[in-house]
Each structure stands twice: as C-alpha cells, then as structure tokens.
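Worksheet for the structure shown next.
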Amino acid sequence: MAASPRVRHEQAETLADPHAVVTNDGVLPTDLLTEILLRVPAKPLCRLRLVCRSWRSLTSDPRFARTHSSRHPLFAGRSPSKDKEEYEIHIFDMSGNIVKRMCGLGDLAMHLSTQADLVCVKRYTGNAEEDPDLLLNPATGAIHVLPGVSVSCIYATCFLGHVPSTGEYKVLRVCLQHSDGVEVQHAYEVVTLDDGSGQSWRVHVTPCPPPPTRILPYTGFMVIIREIAYVVSLLHGLDIVLFHLVTEEWRPTVVRGPCINLQDSESIELFELNGCLVIGNHNNKNEDCSMDLWFLVDVDKGLWTKRYSILCGPNWKYHTPNPPCPLVVLDDGRLVVGYGWALILRAFDPRTCSWEDLAELPDPEDSIGLYKGNLLCPGLSPMPSSHIFMALRQ
C-alpha cells in the first residue's frame, strides 16, 4: 500500500533503530543499509537477500517489507504461455520485470481476484459446474483447489476476501442460475479457508435473503475490500449494496452513489485503491476520453469525494471496451494505471495533469490487478486503514 511521507518517516525511524533489526556485521550503518535496500526493486532484492544472514533478516523484517512494498508495488496478471496452449499468472513490478511466474494452470478465465498473499482464478474445463476455482500463493508456489459449486448453475464467478480479525480467507461465489435476456437469477455461497494453510475448508451455501435491491454481481461492478463486498445497483439510480463476509449477510440499506449523470457516462466501474472503494466514471464522448474517480469516505453517511479527474488522452480512446484501470496510488500521489489487454503501465500525476510511461510489459497481461501480498514477508498483515487514509489525504 502506498504510504504518506509522515508514515514513511515514522517507518524509517523505526527501521533505523539498531535494536529493531539485526546488524550487518559493521560494514555499513544499519540505517544507511536499510535506505539503500529500500531503493532496490523486488526482483534484484530477492537475490540480494542471499548475500548473508543479516541482509536476509533485515529484508524479512515486517517493517522493512511493508515500507518496501509501499515504494515498489507489485501487480498480478494473467498472460498466455509461450505456446499459447494455457495461461500463466505473473507477479511483476512497475518496470515490467516478472518477479514470480506460476505456470501449468490450464485455461484460465479472465477474471482474477487478489487478497493479501493469494490470487483467485478459475480454470475452464468445459463444464461450468465442474470448473475448479484455484487459490494461488505466488510467494510459496502453493495451489489450492476450492470445493466445487453446491448448486446448479450456468456459470460461477469468485471474489476473494480476507477477514483481518480472524485471518480467514473467504470466497464469495456468485452463481448464475438462470438468464433469459430479461430475468436473471443468482445464488450466492461462501467458501471459507479457516486458516492460511489451505488444509481446512468450510463450505457455506449462504442462506441469506436476497439483496435489498437488484444488483449487478459481475466483474467491474463488484469488488471486495477485506471483508466487505460492494456491488453496483442501477435500479433506482447509482447505489452500492454491501455484503459482509463475517456475518455472511447483506446490509439491508444501500449506500447512495455520488452525483453522476449516468446518461452522460460511457461506463461506471468499481475499483479498490489503497484500501478505499472508488467509483470510476469513464467518459469517451469527446476526442480524448476522461475518467473521474470518486472515493467513498463515509459508508454510513454515503459521503463521496472526487479526488481525481483524469484526461486520459488519445492513447486510450482506441480501448473503449477496456477503459483505464486504476491500480494503486503511489507515495507521491501519482496514480498507476493499466487497462484490459495491458501492454503498458502508466502513471498519472494530478499536480501536473501529465502522464508518464512506466513500462512496456514483455508479455501482454490481459487481466491485471494489484498484488496485495508481500514476497519478502509472506503473511504480512495489510497496513492499518488509518495509515491508508492518511496517505491518500496527502
């Protein structure tokens, strides 16, 4: 997660404490070595950890790992293998360097969902009720196969959540049971991983009442942030419906969306940015497309604030089926953006309203998201939400 200068300063002071991390045999002062290693991208840093025990201990320290992650975010993407016969999951940095690669996964659906160390994907088999959902751990290489759907359905999509208070991972599975072009019927079930080991599963077919209004439980209209699922409803304007993974129940009241003229909007999409729910309002009616990003600041009061208004430029207008996809806010306030069938990562600077090309990706990532885990310190808990909110206010 991106951290504010104040948070970074506090972290640096803690890391600089010679009693907080192991020494480095007196070659360099610990605070200087720490700052040097914090500047090294993830891929070479993983190799430098092998230099000596003290370096490995320092870079494995949770405070170091969290600070490094805020400066060098990683991304997860689905990419076809070299023989085009199956797909791989890549973990790559802002320079396009692939840090981890998971191969031999078969034919994967385009949708992927990430929480903490895990990435959730679906493998196609030709039978919707038998298509397995996979939980991948890029840090360890482990692959867990979720239990199959327990209801009859045409297709099922999984959205991965994480309950920080218990450490549980929960998958909200949306099962499409009926669609005739007019009426659509869904069933919902929750699959729970009791701990992070992948050894203990508990399956719930959630007997919850229907949502308080008709919803759109599809990719782009639904996102899970930690233990809360947010889903778009357009039945009575723009509303957000909440599902709580702890209680496994729908919130009875909706959250009103921001004041957006839906008739003038090319598309509406939900995102997570640094732990915050964001609505992206994409407009492509002019020569250059634009996108406004509305952040939810108070869920109980339904308060939203527009923090970014982005002129995307002519480079984006040819990709209207896949509008710009915001991925993460960096320490300095720049916004890292990709798009479907991403060949490039770009950064938008709101202070100058300018773009910078970060990397041309060596392999086309046709589905992309922020990787929320930490390869230096697997299992590291996310940054506290208070720190996230402080960073975004800078």
- Note on the structure: So the strands (runs of 3 or more DSSP E) completely within the stretch 321-394 holding 1 or more residues that are crowded, with 19+ Cβ neighbours inside 10 Å, in contact with a Leu (Cβ under 8 Å, 6 or more places away or on another chain) and at pLDDT below 80 are 342-349, 354-365, 367-371
- Out of all the residues in the stretch 98-115, is one or more touching a helix residue (DSSP H, G or I) at 6+ places or on another chain (Cβ under 7 Å) and within 21 Å of Leu380 (Cβ to Cβ)? yes
- Query: Quick one: would you say Leu50 is outside the structural domain of Leu273 (by the TED database), without any contact (Cβ under 8 Å) to a residue 12 or more places away in the chain and either open to solvent by 10 Å² or more (accessible area, probe 1.4 Å) or over 17 Å from the mean Cα position of the chain (by Cα) (or both)?
  - Reply: yes
- Please identify the pairs in which a residue from the stretch 292-303 that is closer than 9 Å to Val255 by Cβ has its Cβ atom under 7 Å from the Cβ atom of a residue that is among the basic types (Lys, Arg), counting only partners at least 6 apart or on another chain. Gly302/Arg256
- Task: Go through the stretch 144-189 residue by residue and tally those that are among the acidic types (Asp, Glu) and either open to solvent by less than 10 Å² (accessible area, probe 1.4 Å) or in a strand (DSSP E or B) (or both).
- Result: 2
- Task: Confirm whether Arg123 is of a type in the set (Lys, Arg), more than 19 Å from the chain's Cα centre (by Cα) and surrounded by 14 or more Cβ atoms within 10 Å (Cβ to Cβ).
- Result: yes
- Message: Please pick out the residue among Ser70, Ser95 that is under 30 Å from His144 (Cα atoms) and part of a loop (DSSP other than H, G, I, E, B).
- Response: Ser95
- Message: Which of the strands (runs of 3 or more DSSP E) found entirely inside the stretch 228-294 contain at least 2 residues meeting this: open to solvent by 10 Å² or more (accessible area, probe 1.4 Å) and under 20 Å from Arg214 (Cα atoms)?
- Response: 228-233, 239-244, 267-273
- Item | Residues (under 28 Å from Gly379 (Cβ atoms), in contact (Cβ under 8 Å) with a residue 24 or more places away in the chain and among the aliphatic types (A, V, I, L, M)) located in the stretch 141-155 | Ala142, Ile143, Leu146
- Failed item in (1) modelled with pLDDT of 90 or more; (2) over 22 Å from Ile225 (Cα atoms); (3) surrounded by 15 or more Cβ atoms within 10 Å (Cβ to Cβ); (4) touching a Lys or Arg at 6+ places or on another chain (Cβ under 8 Å), with Leu37 passing the rest: (4)
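The values are calculated or read from the model by the stated rules, or taken from the named source; none is laboratory data. It should be emphasised that the depicted structure is a prediction, and the values quoted were computed from it without experimental measurement. Cβ sites come from the backbone with ideal geometry, for glycine too, and all protein chains shown count toward neighbours. Heavy atoms of the whole protein, side chains included, go into the accessibility calculation; ligands, DNA and RNA do not. Shrake-Rupley method; radii C 1.70, N 1.55, O 1.52, S 1.80 Å.
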